[in-house]
Amino acid sequence: MELGWAEAIGLNTMRVFLHDLLWKQDAKGFSERLDTFLAIAAKHHIRPVLVLFDSVWDPNPKLGPQPPPRPGVHNSRWVQSPGAKALEDPNEVPRLEAYVKGVVGNFRRDERVLAWDLWNEPDNTNDGNYEDPKDKVERVLELLPRVFQWAREAGAEQPLTSGVWTGDWSPEKASRMAKIQLQESDVISFHSYDRAEIFEKRILSLQQYGRPLVCTEYMARGNGSTFEGSLPVAKKYNVAAINWGLLAGKTQTYLPWDSWTKPYTGREPAVWFHEIFRSDGKPYKEEEVALIKRLTGRPAK
């Protein structure tokens, strides 16, 4: 149903986050479920970008039923992959390698997969919201080039990427992590929850690398990042754009980032942060959907 809503307004890709613990638990079942999802997505003409690892939010993932969302809090139950314990234990590296090579290897020639986003915001330390390992960034700096190597050894025919998301991305000023991401990525991807003029500057700064550009996260209304601001700029420079969020659901990312300290219990935010649709499929803003349809060439009705 949700993929049908996405197709109806012209969306043809989306990021889908995977998790290493699910592969550890049942590799065969993991691949079967992913194959089923890709088949459903293909019926809606959507080719996902599959994300293997993620440094954002809770560093203590566990298998089994997940706790319900914290009332009024943005993305309160999202978990990292790999978790802190796996990241800190060198003995876990062979398991992580098996996960990357297993997943990528099984779908390495699958045209239903648009690209592999190998690590989401790898040097994100979560601003103290969680207790990440003190040497987290150093550990990921060591591991990220190996993840790219593993994916290539698995024979991926789709492009590999890891999106830069903070700091200055010029060759002279980029962080150690950003340099790895930019050097290793076949397609340059980036995040920008910024106003249109800054979004454009981000694009111009990355054009010097001479590779296709994909914005894999944007659109946070309360932060000045909007469809009407960013999408015309992306179209102008032929940059693919994937907004965060589709519809209001368990992640509660229609709530602002400040809900972590001021939960929106019993009240709605003045402006939704992310998401296109309400939980029943009705657009949050009809004018946004009309813009997306126009820019993607979908019929107005």
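The values are calculated or read from the model by the stated rules, or taken from the named source; none is laboratory data. Everything numeric here is computed off the predicted structure, so don't read it as measured data. Neighbour counts are summed over all protein chains in view; Cβ atoms, including those assigned to glycine, are modelled from backbone coordinates with ideal geometry.
What's the number of the condition GLN207 fails, among (1) in contact with a Gly (Cβ under 7 Å, 6 or more places away or on another chain); (2) assigned to a helix (DSSP H, G or I); (3) closer than 19 Å to SER162 by Cα?
It fails just one condition, (1).
Please give the number of the condition ASP20 fails out of (1) surrounded by 14 or more Cβ atoms within 10 Å (Cβ to Cβ); (2) more than 15 Å from TRP119 (Cα to Cα).
The one condition ASP20 does not meet is (2).
Confirm whether GLN181 is surrounded by 15 or more Cβ atoms within 10 Å (Cβ to Cβ), polar (S, T, N, Q) and modelled with pLDDT of 95 or more.
Working: surrounded by 15 or more Cβ atoms within 10 Å (Cβ to Cβ): yes; polar (S, T, N, Q): yes; modelled with pLDDT of 95 or more: yes.
In short, yes.
If SER192 passes every condition in (1) within 18 Å of LEU231 (Cα to Cα); (2) hydroxyl-bearing (Ser, Thr, Tyr); (3) touching a residue at least 40 places away in the same chain (Cβ under 8 Å) but one, which one does it miss?
(3)
Taking only pairs six or more apart or across chains, which ones have beta-carbon atoms under 6 Å, a first residue in the range 29-50 that is more than 11 Å from LEU18 (Cβ to Cβ) and touching a residue at least 12 places away in the same chain (Cβ under 8 Å), and a second residue that is of a type in the set (S, T, N, Q) and surrounded by fewer than 13 Cβ atoms within 10 Å (Cβ to Cβ)?
As it stands, the answer is none, since no pair meets every condition given.
Consider the range 258-291. How many of its residues are in contact with a Lys or Arg (Cβ under 8 Å, 6 or more places away or on another chain) and in a helix (DSSP H, G or I)?
0
For the range 111-125, check the following and say yes or no: at least one residue is in a helix (DSSP H, G or I) and more than 20 Å from PRO59 (Cβ to Cβ). Don't jump to the end; show me each part of the working.
Step one: list which residues in the range 111-125 are in a helix (DSSP H, G or I), which gives none.
No, there is no match, as no residue in the range 111-125 is in a helix (DSSP H, G or I) and more than 20 Å from PRO59 (Cβ to Cβ).
Let me confirm something: among LYS85, LYS101, which residue is surrounded by fewer than 16 Cβ atoms within 10 Å (Cβ to Cβ) and assigned to a helix (DSSP H, G or I)?
On the way: LYS101 fails: surrounded by fewer than 16 Cβ atoms within 10 Å (Cβ to Cβ).
Among LYS85, LYS101, only LYS85 is surrounded by fewer than 16 Cβ atoms within 10 Å (Cβ to Cβ) and assigned to a helix (DSSP H, G or I).
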